[in-house]
1. Given the condition out of contact with any Cys (no Cβ under 6 Å at 6 or more places or on another chain), open to solvent by 80 Å² or more (accessible area, probe 1.4 Å) and under 14 Å from Lys132 (Cα atoms), answer yes or no: does some residue in the stretch 36-46 qualify?
2. May I ask you to list pairs of residues, at least six apart or on different chains, whose Cβ atoms are under 6 Å apart, with the first in the stretch 125-140 being assigned to a strand (DSSP E or B) and the second being buried (at least 19 other Cβ atoms within 10 Å of the Cβ) and hydrophobic (A, V, I, L, M, F, W, C)?
3. Just to verify a result, which residue in the stretch 50-94, among those that are polar (S, T, N, Q) and under 23 Å from Met31 (Cα atoms), is most open to solvent (accessible area, probe 1.4 Å)?
4. When only residues in the stretch 95-123 that are outside any loop (DSSP other than H, G, I, E, B) and free of Cβ contacts under 8 Å to residues at least 60 places away in the same chain count, which is surrounded by the most Cβ atoms within 10 Å (Cβ to Cβ)?
5. Please specify each residue of the stretch 22-36 satisfying the condition of being small (Gly, Ala, Ser) and within 13 Å of Leu115 (Cβ to Cβ).
Amino acid sequence: MQHLKTHYHPDITSLDNKTIFTRPATRCITMSGDTILLLYTERYEDYSLPGGGLDEGEDKIKGMMRELSEETGALDIRNIKPFGVYEEYRPWHQSDFDIQHMISYCYTCDINTALGDSKMEHYEIKNGMIAKWVNIYEAIAHNKKTMLESSKKGMSIERETFLLELLVKQMP
């Protein structure tokens, strides 16, 4: 799979003598024209691609399908294709490691535009996460505004905005 980018959180100045926890994850890109299925998270005031961490030993495509279905209620997931890998190094706020190395395996796919019921986890519901079809240009503008103006922004907004802008560059 094509390597898209490696991002270092501003607090990560060196990997030397650091303990690093690697977390594989998947992200799903599904579009209809210039509309894309995203998750809006009220807590962080941002749009993100459906996806999340893989379970121990879980197949990447099966994990992507599981996350997409759980978070959005997506039905009839098909035409899955690799898009690329986005790596991040960011602070890990637990005592067992210094840094989290997240490797996001991104895939494109098609789904039915009508969504079924999601099965969000408790923290996702608490954070005000909701799946919605959004114009990709509006999502990018929203995320950029959040990055500039909001104190609530999460650590993933740079990844998400980079991926959305990359998608726009590749649109016909």
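The values are calculated or read from the model by the stated rules, or taken from the named source; none is laboratory data. These numbers were taken from a predicted model, which means no experiment stands behind them. Because the Cβ atoms are built from the backbone with ideal geometry, glycine has one as well, and the counts that use them run over all protein chains shown. We work out accessible area using only protein heavy atoms, side chains counted, and drop any ligands, DNA or RNA first. Shrake-Rupley method; radii C 1.70, N 1.55, O 1.52, S 1.80 Å.
1. Yes, the stretch 36-46 contains at least one residue that is out of contact with any Cys (no Cβ under 6 Å at 6 or more places or on another chain), open to solvent by 80 Å² or more (accessible area, probe 1.4 Å) and under 14 Å from Lys132 (Cα atoms).
2. Met129/Leu39; Ala131/Leu39; Trp133/Leu37; Val134/Leu38
3. For the stretch 50-94, the residue satisfying everything is Asn79.
4. Taking the candidates together, the pick is Tyr123.
5. Scanning the stretch 22-36 gives a single hit, Ser32.
Okay, residues lined up against (1) β-branched (Val, Ile, Thr); (2) under 17 Å from Thr35 (Cβ atoms); (3) modelled with pLDDT under 95:
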| position | (1), (2), (3) |
| --- | --- |
| Arg78 | no, no, no |
| Tyr123 | no, no, yes |
| Lys132 | no, yes, no |
| Thr146 | yes, no, no |
| Lys153 | no, no, yes |
| Arg159 | no, no, no |
| Leu164 | no, yes, no |
